[in-house]
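S.K.: Below: one structure in structure tokens.
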Amino acid sequence: MGIDGETLAHERFALRAAAQPNAIAVEQGDVRITYAELDDRADRLARRLRAHGVGRGSVVMVHLERSVDLVVSMLAAFKAGAAYLPVEPTVPDHRVAAFVEETDCAAVLTRSGGPDRFGKHGLPLLDPGADTASSPTGPAGPPDVTVDGSDCAYIIYTSGSTGTPKGVRVEHASLAHLLGEINQRYGIGPTDRVLQFAAVAFDTSVEQILVALLNGATLVLPDRLWAPGELSGELVGRRVTVMDLTPSYWRAFLADLADAPRELPVRLTIVGGSAVHADDCRTALRLMPDSRLVNAYGLSETTITSCTMEITPQVLPEDGTAPVGRPLPHTVVHVLDDDMRPVPPGQHGEIYISGHGVARGYLSDSETRARFLPDPHAERPGTRMYRTGDLGGWTRDGNLEVVGRVDRQVKVRGFRVEPDEIEAALISHGAVADAAVKAYSRRGETEIAAYYVTNQAGAGSPGPRELRAHLAGRLPGYMLPSAFVRLAEMPLKTNGKVDPDALPEPEAGASPASPAPPDGAGRTVGLVERAVAGIWCQVLGLDHVEPDDNFFELGGNSILAAQLLAKVRASLGILITQVRPLIRLLLDEATLRSFAAAVESARAGTLSGDDTKAVDFAAETVLDVPVRRTVDNPARWQEPAHIFLTGATGFLGIYLLRELLATTDATVHCLVRADSRSHAMERVRANARHYFKDDLADHCASGRIAVVPGDLAEPRLGLSEEEFDRLAGLVDVIHHPGGLVNFIYPYTHMRAANVEGTREIIRMAARYRNAPVHYTSTMAVISGFGTAGVRHVTEHTPAAHADHLSVGYVESKWVAEALLQNAAEKGLPVAVYRAADISGDQETGAWNTATEMCAMKKFIVDTGTSPIAELPLDYTPVDCFAAAVAHIAGRQLPAGEVYHLTNPGKANVAVLAERLRAHGHTVRDVPWNEWLDQVVKIAVEQPDHHMTPFAPLFIDRCSTGVMSVAEMYLETTFPVFTRDNVDAALRDSGIEIPPVDGAMLDRYIRYLTDIDFL
């Protein structure tokens, strides 16, 4: 038990889990875990720890990034009786080794296959994610361990004034007291969704995690560090109601929110960790009027939070910092003068904190004695108080205000930093004779500047890059200086100490950014590097950067790094799975050249170890689905009673649905991603209204449209076995135009929907009736022939050269085609329809504006430039395409035929430019490379532009490296192809594909103008 009989944190959590076992406890992306599951996993991990000798008094290092496993590990350490020691995987090796030795660490919880940094210590290494399922025969519940309030709950390391970090030991009783009192101020409950945003090595993370879980809320874990500009969208998307941010990040978030105000679900905003400016509070109250604003103050040595202040306009001073309010119950704050006497309101002194929250002390007894002192003002003998080093006082209305420090300690993005520790690390470099560190303000934020004197002259003297790398191996990222200033000698006071006031401002003395090269100078760089350079300039506020410039030496920090990653991801289409390794590389090798190369790898999905293997296309095309040549109850494809259709909420799919309803008497079963049948039906009808101005209500009422809630990316298409089996025995024909369309993501991301979804379609078709499958593919699957040097492809040419395709979406369509052809060889009726560009309705001009061709039209209009290139406009109007597919499907039983369903009357992009000019747009014809420069510029400067998602197609090199992906589709490279099967199938059908001419393009331009797209 804790102080005054308080239940300890892990005991309260177990009670909460028993009270609401099925509620979601933690959520991170698509990963969710209930309270019962979290409690069970923590119990099992605690028993594993006990089996490895961990018990009361032990220390367990949790060497994990923010994750569900980290939350499990914290609770497990508590349940095993051990102290929780969080250490981020990015911490340098020598620092980790020091933590292990100083704490006498008994075990490490870490990922399997992680860095081998613990082998020499001989510690048991346990992966908390390796045992996620309950064993029906294993013991249940937590291990039989008695945990006392005086036991150490966790250890947090803070920066040390002696040059080494200090470990703070916090007892269970102090933690239980905090958790019992703080929610009286916050009011968090089961309906809340609480954002856990603090770094895991920052003790605020302990409060954020436990306050949420002990009060029944859902803890929301970001999957990465969101940039301030991304936060509002994430808050809305994840329905966050409570957030706790550092003032520097909060300030940047408010600046972005002011540029794009929106209503947020947040009802409580907590800020703390460093000074909170009154002006920022007024901005927050204006931009987020429905959110309470609480300023929290405390230290690691006083168990995280000691005071809170509910911020309203009335309590804010005209300028300066906001007050931090009043202490929690059983917490006493003293403001004392040099003689340890209380100072009156309105005057300033040093802040001391006493009461139940005071930690046990540091790992070092001598450091403990220096800061944890007897409280001379306490009524109870033996009461201790902590000397904070903060300078402050009481306002006239009884609130505490913090105005600065009485020592050298500074706060950087919420972290306490002792300049002495950085100076000691600098001097450990053999070429540094003397060093000094001081804080300075840059863009309104506190940064660290390092000043150094070397004992070497000339070329052998270390520069900022070498010193930064030296420090990065010894200090955590938040302690790395953002500016390095080399001095001939240190300015000294008369007493021989460094005179901080005489140190020059970093901007004046720091190594300057690379000057802009003269016109025409410099090496040739790729488009990716040019795009990344433009983003660096945006984020860092510079006019020019050079390939060997270092992001952090130019003024970058962790928040700017998050902004950089957000912009790179939005502009260049980086997969979320590639963001973490990209961050790691930026920290390890922060030059523009290295980062740009990493971005190229990330674009290909190969930066992390998960995706480095090339796709084995032969293995991917193994069918592994039983197909018979003859069946007892063959499908009635000539007069189908039931048709199964995918993609009805897409562009082609809705037109194909309308065509099938008009040309057959069948009931059309539409697979739709939706939560329910009503939701699925509304999605289909809304799509019809969008393109036809007709929601197909009559067909819905008659039952001819039957919706099937499911998902192409899931086994059995997301259906139950019973529903899948029922449809397999029912359908006469399957039309499969649906799939995931994205030209940016790699094959691994497209595989589930486009490959495995097709495999499930084959399974349904072949199970009972051999229902014909009519599959819509893309002409892009033959693009590999072009870069392989094959200039002519027919509809009978076997698919080949998948390793040349270079785009994950196209690779997935190639594999899906191969699966279908393998099924056709075994007897399943299959037809494949390859489309070039499915364009707008030939009557109304209605078009899917999310396509590359619409984006390119808008880009040409917005930039006033059109490329001089052999870029074809091979447009087939969507209604023509749907009519052709429906006609061919009803004409004959397919046997693996391929149809190049394209336009025989295609035109050059120059015709489009001419028609845009005719409609009043100013458009210049420019060389291809000049046009590509505009693509890069738009991608960097306008991440929301319709063209930006397609920019990587023009920037990335193809797999052979000889050209960009987009250049594979120019007529100088793309193979010449035939369409004999199409001509034969449509002969005498009355279906004609109109040529791409002025009349067609004018219709599309008018439509896109009428809907304000152009």
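S.K.: Any residue at all in the stretch 724-743 that is at pLDDT below 95, touching a helix residue (DSSP H, G or I) at 6+ places or on another chain (Cβ under 7 Å) and over 21 Å from residue 670 (Cα atoms)?
M.R.: Yes, there is a match, as at least one residue in the stretch 724-743 is at pLDDT below 95, touching a helix residue (DSSP H, G or I) at 6+ places or on another chain (Cβ under 7 Å) and over 21 Å from residue 670 (Cα atoms).
S.K.: Would you tally the residues in the stretch 189-210 being within 17 Å of residue 42 (Cβ to Cβ), among the hydrophobic types (A, V, I, L, M, F, W, C) and at pLDDT 95 or above?
M.R.: 3
S.K.: Separate question: Return the residues of the stretch 779-797 that are surrounded by fewer than 22 Cβ atoms within 10 Å (Cβ to Cβ) and either of a type in the set (Ser, Thr, Tyr) or touching an Asp or Glu at 6+ places or on another chain (Cβ under 7 Å) (or both); say none if nothing qualifies.
M.R.: 794, 795, 797
S.K.: Limited to the stretch 336-385, what total is found for residues that are within 44 Å of the chain's Cα centre (by Cα), surrounded by 12 or more Cβ atoms within 10 Å (Cβ to Cβ) and either of a type in the set (Phe, Trp, Tyr) or not in a loop (DSSP other than H, G, I, E, B) (or both)?
M.R.: 14
S.K.: Here's a check for you: in the stretch 392-409, which residue that is among the hydrophobic types (A, V, I, L, M, F, W, C) and more than 16 Å from residue 272 (Cα to Cα) is farthest from the chain's Cα centre (by Cα)?
M.R.: For the stretch 392-409, the residue satisfying everything is 394.
S.K.: Return yes when residue 776 is closer than 30 Å to residue 570 by Cβ, among the polar types (S, T, N, Q) and modelled with pLDDT under 95 and no when it is not. I'd like the intermediate steps shown before the answer.
M.R.: Details: closer than 30 Å to residue 570 by Cβ: yes; among the polar types (S, T, N, Q): yes; modelled with pLDDT under 95: no.
For residue 776, the condition - closer than 30 Å to residue 570 by Cβ, among the polar types (S, T, N, Q) and modelled with pLDDT under 95 - is not met.
Listed here are the residues, each with its yes/no results for (1) touching a Pro at 6+ places or on another chain (Cβ under 9 Å); (2) part of a helix (DSSP H, G or I); (3) among the small types (Gly, Ala, Ser); (4) crowded, with 17+ Cβ neighbours inside 10 Å.
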position: 623; (1), (2), (3), (4): no, no, no, yes
position: 635; (1), (2), (3), (4): yes, no, yes, yes
position: 643; (1), (2), (3), (4): no, no, no, yes
position: 661; (1), (2), (3), (4): no, yes, no, yes
position: 665; (1), (2), (3), (4): yes, no, no, no
position: 670; (1), (2), (3), (4): no, no, no, yes
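S.K.: Does residue 647 count as at pLDDT 95 or above, within 30 Å of residue 948 (Cα to Cα) and in contact with a helix residue (DSSP H, G or I) (Cβ under 6 Å, 6 or more places away or on another chain)?
M.R.: On the way: at pLDDT 95 or above: yes; within 30 Å of residue 948 (Cα to Cα): yes; in contact with a helix residue (DSSP H, G or I) (Cβ under 6 Å, 6 or more places away or on another chain): yes.
Judged against the criteria, residue 647 is a match.
S.K.: When you scan the stretch 856-889, how many residues do you find that are touching a Ser or Thr at 6+ places or on another chain (Cβ under 7 Å) and among the small types (Gly, Ala, Ser)?
M.R.: Count: 2.
S.K.: Continuing with this model, one more query. Can you tell me which residue in the stretch 462-489 is farthest from residue 441 (Cα to Cα), limited to those that are of a type outside the set (D, E, K, R), modelled with pLDDT under 80 and in contact with a strand residue (DSSP E or B) (Cβ under 9 Å, 6 or more places away or on another chain)?
M.R.: Only one residue tops the list, namely 476.
S.K.: With the condition kept exactly as written, say whether any residue in the stretch 201-218 is outside the structural domain of residue 474 (by TED's automatic domain parsing), surrounded by fewer than 22 Cβ atoms within 10 Å (Cβ to Cβ) and without any contact (Cβ under 8 Å) to a residue 24 or more places away in the chain.
M.R.: no
S.K.: Here's something else I'd like to know. Which condition breaks for residue 677 when tested against (1) closer than 25 Å to residue 819 by Cβ; (2) of a type in the set (D, E, K, R); (3) without any contact (Cβ under 8 Å) to a residue 40 or more places away in the chain?
M.R.: Unmet for residue 677, out of (1) closer than 25 Å to residue 819 by Cβ; (2) of a type in the set (D, E, K, R); (3) without any contact (Cβ under 8 Å) to a residue 40 or more places away in the chain: (1).
S.K.: Now for a separate question. Give the number of residues within the stretch 258-276 that are part of a loop (DSSP other than H, G, I, E, B) and hydrophobic (A, V, I, L, M, F, W, C). I'd like the intermediate steps shown before the answer.
M.R.: Within the stretch 258-276, the first condition is being part of a loop (DSSP other than H, G, I, E, B), and the residues that meet it are 260-267, 273-276.
Pick out the ones that are also hydrophobic (A, V, I, L, M, F, W, C) and you get 260, 264, 266, 275-276.
Count: 5.
S.K.: Inspect all residues belonging to the stretch 715-733 and state whether any of them is in a loop (DSSP other than H, G, I, E, B), farther than 19 Å from residue 848 by Cβ, touching a Phe, Trp or Tyr at 6+ places or on another chain (Cβ under 9 Å) and not aliphatic (A, V, I, L, M).
M.R.: Among the residues of the stretch 715-733, at least one is in a loop (DSSP other than H, G, I, E, B), farther than 19 Å from residue 848 by Cβ, touching a Phe, Trp or Tyr at 6+ places or on another chain (Cβ under 9 Å) and not aliphatic (A, V, I, L, M), which makes the answer yes.
The rows are residues; the columns are (1) free of Cβ contacts under 8 Å to residues at least 12 places away in the same chain; (2) not in a loop (DSSP other than H, G, I, E, B); (3) not assigned by TED's automatic domain parsing to the domain that holds residue 547.
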{"residue": "411", "(1), (2), (3)": "no, yes, yes"}
{"residue": "424", "(1), (2), (3)": "no, yes, yes"}
{"residue": "437", "(1), (2), (3)": "no, yes, yes"}
{"residue": "441", "(1), (2), (3)": "yes, yes, yes"}
{"residue": "452", "(1), (2), (3)": "no, yes, yes"}
{"residue": "474", "(1), (2), (3)": "no, no, yes"}
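S.K.: Being under 17 Å from residue 643 (Cβ atoms) and of a type in the set (S, T, N, Q) is the filter here, so list the residues in the stretch 709-739 that pass it.
M.R.: none
S.K.: Take residue 751 and decide whether it is surrounded by fewer than 20 Cβ atoms within 10 Å (Cβ to Cβ), touching a helix residue (DSSP H, G or I) at 6+ places or on another chain (Cβ under 8 Å) and basic (Lys, Arg). Before you say what the answer is, go through the steps one by one.
M.R.: Working: surrounded by fewer than 20 Cβ atoms within 10 Å (Cβ to Cβ): no; touching a helix residue (DSSP H, G or I) at 6+ places or on another chain (Cβ under 8 Å): yes; basic (Lys, Arg): yes.
Here the answer is no, as residue 751 does not meet what is asked.
S.K.: Mind checking which residues of the stretch 228-279 are surrounded by fewer than 20 Cβ atoms within 10 Å (Cβ to Cβ), touching a helix residue (DSSP H, G or I) at 6+ places or on another chain (Cβ under 9 Å) and either among the charged types (D, E, K, R) or in the same structural domain as residue 563 (by TED's automatic domain parsing) (or both)?
M.R.: If the condition is that a residue be surrounded by fewer than 20 Cβ atoms within 10 Å (Cβ to Cβ), touching a helix residue (DSSP H, G or I) at 6+ places or on another chain (Cβ under 9 Å) and either among the charged types (D, E, K, R) or in the same structural domain as residue 563 (by TED's automatic domain parsing) (or both), then 256, 259, 262, 263 are the ones that fit.
S.K.: Among the residues of the stretch 557-608, count how many are at pLDDT below 75 and either touching a Lys or Arg at 6+ places or on another chain (Cβ under 6 Å) or among the aromatic types (Phe, Trp, Tyr) (or both).
M.R.: The total comes to 1.
S.K.: Condition first: in contact with a strand residue (DSSP E or B) (Cβ under 8 Å, 6 or more places away or on another chain), under 30 Å from residue 641 (Cβ atoms), at pLDDT 95 or above and crowded, with 19+ Cβ neighbours inside 10 Å. Can you find one or more residues in the stretch 859-875 that meet it?
M.R.: Kept after step one, since they are in contact with a strand residue (DSSP E or B) (Cβ under 8 Å, 6 or more places away or on another chain), are these residues of the stretch 859-875: 860, 864-868, 870-875.
Keeping just the survivors that are under 30 Å from residue 641 (Cβ atoms) gives none.
No, the stretch 859-875 has no match at all.
S.K.: Quick check on the stretch 975-1014: of everything there that is over 44 Å from the mean Cα position of the chain (by Cα) and acidic (Asp, Glu), which residue is modelled with the lowest pLDDT?
M.R.: For the stretch 975-1014, the residue satisfying everything is 988.
S.K.: Moving to a separate point now. Restricting to the stretch 375-426, count the residues that are over 30 Å from residue 462 (Cα atoms), in contact with a Pro (Cβ under 6 Å, 6 or more places away or on another chain) and not polar (S, T, N, Q).
M.R.: Count: 3.
S.K.: May I ask you to verify whether residue 851 is surrounded by fewer than 24 Cβ atoms within 10 Å (Cβ to Cβ), of a type in the set (S, T, N, Q), at pLDDT below 95 and touching a Ser or Thr at 6+ places or on another chain (Cβ under 9 Å)?
M.R.: Working: surrounded by fewer than 24 Cβ atoms within 10 Å (Cβ to Cβ): yes; of a type in the set (S, T, N, Q): yes; at pLDDT below 95: yes; touching a Ser or Thr at 6+ places or on another chain (Cβ under 9 Å): yes.
Yes.
S.K.: Given the conditions (1) under 30 Å from residue 1007 (Cα atoms); (2) part of a helix (DSSP H, G or I); (3) at pLDDT 95 or above, report the number of the one that residue 823 does not fulfil.
M.R.: Checking residue 823 against (1) under 30 Å from residue 1007 (Cα atoms); (2) part of a helix (DSSP H, G or I); (3) at pLDDT 95 or above, the one that fails is (1).
S.K.: Looking at (1) in contact with a Phe, Trp or Tyr (Cβ under 7 Å, 6 or more places away or on another chain); (2) surrounded by fewer than 21 Cβ atoms within 10 Å (Cβ to Cβ); (3) under 30 Å from residue 641 (Cα atoms), can you tell me which one residue 772 breaks?
M.R.: (2)
S.K.: Which pairs do you get when a residue that is in the same structural domain as residue 755 (by TED's automatic domain parsing), found in the stretch 705-729, comes within reach of a residue that is of a type in the set (S, T, N, Q), reach meaning Cβ atoms under 6 angstrom, with the pair 6+ apart or on two chains?
M.R.: 706/667
The values are calculated or read from the model by the stated rules, or taken from the named source; none is laboratory data. Since we're looking at a predicted model, the values are computed, not measured. All Cβ positions, glycine included, derive from the backbone under ideal geometry; neighbour counts span all protein chains shown.
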